[in-house]
1. Being surrounded by fewer than 15 Cβ atoms within 10 Å (Cβ to Cβ) and touching a Lys or Arg at 6+ places or on another chain (Cβ under 7 Å) is the filter here; which residues of the stretch 187-199 pass it?
2. Out of the residues in the stretch 281-308 that are touching a Gly at 6+ places or on another chain (Cβ under 8 Å) and part of a loop (DSSP other than H, G, I, E, B), state the one that is nearest to Ser193 (Cα to Cα).
3. Out of the stretch 267-280, which residues are in contact (Cβ under 8 Å) with a residue 60 or more places away in the chain and part of a loop (DSSP other than H, G, I, E, B)?
4. Please go through (1) over 20 Å from the mean Cα position of the chain (by Cα); (2) surrounded by fewer than 21 Cβ atoms within 10 Å (Cβ to Cβ); (3) not basic (Lys, Arg) for Gly264 and return the number of the only condition it doesn't satisfy.
5. Is one or more of the residues making up the stretch 158-170 within 19 Å of the chain's Cα centre (by Cα), assigned by TED's automatic domain parsing to the domain that holds Thr206, assigned to a helix (DSSP H, G or I) and closer than 19 Å to Ile234 by Cβ?
6. Within the set of pairs 6 or more residues apart or between chains, which connect a residue that is in the same structural domain as Pro163 (by TED's automatic domain parsing) inside the stretch 246-266 to a residue that is part of a strand (DSSP E or B) and of a type in the set (Phe, Trp, Tyr) with Cβ atoms less than 7 Å apart?
7. Which one of the conditions (1) aliphatic (A, V, I, L, M); (2) assigned by TED's automatic domain parsing to the domain that holds Phe223; (3) crowded, with 17+ Cβ neighbours inside 10 Å does Leu112 fail to meet, given that it meets all the rest?
8. Name the single residue that is surrounded by the fewest Cβ atoms within 10 Å (Cβ to Cβ) among those in the stretch 200-231 being assigned to a helix (DSSP H, G or I) and β-branched (Val, Ile, Thr).
Amino acid sequence: MWTNWGYFRTGLVMAGFGLRMGSDSIRVPSAQERNMRRSAMIKQLEGKVGIKSSTSTRNLAKTIFQEIELSQEKDMIPESVQEIESELASVKRDKDSRPRGMWPKPNNWESLRFGDMRHHFKCKVYAHDQTKPLPTIEDWTMFQSKYKENVDKTAKFEDPVLPTMGYTIGDGGPPPFYAKHSLDGRGRGLFASRNIKKGELVHDGTTSDVLFPDAMTWRHFIFSLPRNKACDMIDWTWTQKTEEDGAFKIFSAINISILINSGGSTSSNVNPRSSTSSKFYATRDVAMGEELLFTYGLYDTVWRKVGL
C-alpha cells in the first residue's frame, strides 16, 4: 500500500496531502522553483549517496522532495536535501544488515509519540518504496508471535485461512480479495478476487483486527520487530472509536486486509457505514480484478487521545 491507514488519516503535515491551514510562515514554492530545486537535489543525491544510475532512487527522491516541499513543517523545508540524503544513505548502508536486525531503543523510548517512532525507524523512505515485497507467511507468523509475546498472551491465531489470503469471513472461506502490487503508484494493495455486488460485505474487521490496550504496549510491540517490519506495523496502525461516546483505541491487523489503499471521497468503492464500524461494504458493483479502495478519512486518527 502507498501509505498506512493511521499515518494517512492523521493529516500529518509531513504527508504533504493536506496543507496546514492558517500558517503564513512558509511560502510554497512555484512549479518552476520546485523543478529547479528538485533537479539540483537529485544531482546532489546521486553524487553523495553513490546511486547515480538508480532510476528508482531518482523517482523516490523526487517523491519525497515533493512531499516535504508541499508540507509546511518548519523544521523540514530548510533541510530537505540533507534529510533525504541522510535517510537514503542509511537505507543503502543498512540493506544487508540493519533492516533485518533489531534497532536499539533510545533512552526516551517510553515517551515517543507516533511521529517520533516513524522518525526513529526512518520509515519515510521505506513507506514510499513501491518495490517492497508483499508480506510472506513467515512475516505474518512473526507478527502474530510478537503480538502474543508483547501484547496478549492469550491471543489465538488459529484461522484456517492463512493471513496471506486474509481471514475467515461470514460462513467460511477468505474475503473476496487478494493482495498484489498496484499499477497506479499505490504500492501494495487489495484487489477483488471475484465480482462484488453493491452492498455486499467485503471486509469484517471485528473478526480480524487486533487491539492494543495502551500506547506503552504498542511501543513494546513495535520495538520487538526488525526495522522494516516495525515501519510496516507503525504505518498499519490507526485509532478508532468503536462506540459513538467511547474512547479512542489503537488498532492494527495482521493479515492482508491491512493493505487496502485509500480512494479518497471520490474513488472509494468500499466503506464502513459509520466511523465506529469495522465492517466494510461495497458502495457500488466492483469488477473482478479491480482494486479495492476505501476512504481513510472516515476514521478519525487522534494519536494524543491514545498517548501517542
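The values are calculated or read from the model by the stated rules, or taken from the named source; none is laboratory data. What you see is a predicted model, and the numbers here were worked out from it, not measured in a lab. Glycine also receives a Cβ, built like all others from the backbone with ideal geometry; neighbour counts cover every protein chain displayed.
1. Kept after step one, since they are surrounded by fewer than 15 Cβ atoms within 10 Å (Cβ to Cβ), are these residues of the stretch 187-199: 194-195, 197-199.
Selection gives Lys198 alone.
2. Leu292
3. Answer for the stretch 267-280, where residues must be in contact (Cβ under 8 Å) with a residue 60 or more places away in the chain and part of a loop (DSSP other than H, G, I, E, B): just Ser278.
4. For Gly264, the failing item is (1).
5. Taking every residue of the stretch 158-170 in turn, none turns out to be within 19 Å of the chain's Cα centre (by Cα), assigned by TED's automatic domain parsing to the domain that holds Thr206, assigned to a helix (DSSP H, G or I) and closer than 19 Å to Ile234 by Cβ.
6. Listed pairs, sorted by first residue: Ile250/Phe212; Phe251/Trp238; Ile260/Phe294; Ser262/Phe294; Gly263/Phe294.
7. (2)
8. We begin by selecting, within the stretch 200-231, every residue assigned to a helix (DSSP H, G or I); these are 205-208, 215-223, 227-231.
With the extra rule that they be β-branched (Val, Ile, Thr), the set shrinks to 206-207, 217, 222.
Details: Thr206: 10, Thr207: 14, Thr217: 15, Ile222: 24.
Looking at residues that are assigned to a helix (DSSP H, G or I) and β-branched (Val, Ile, Thr), I get Thr206.
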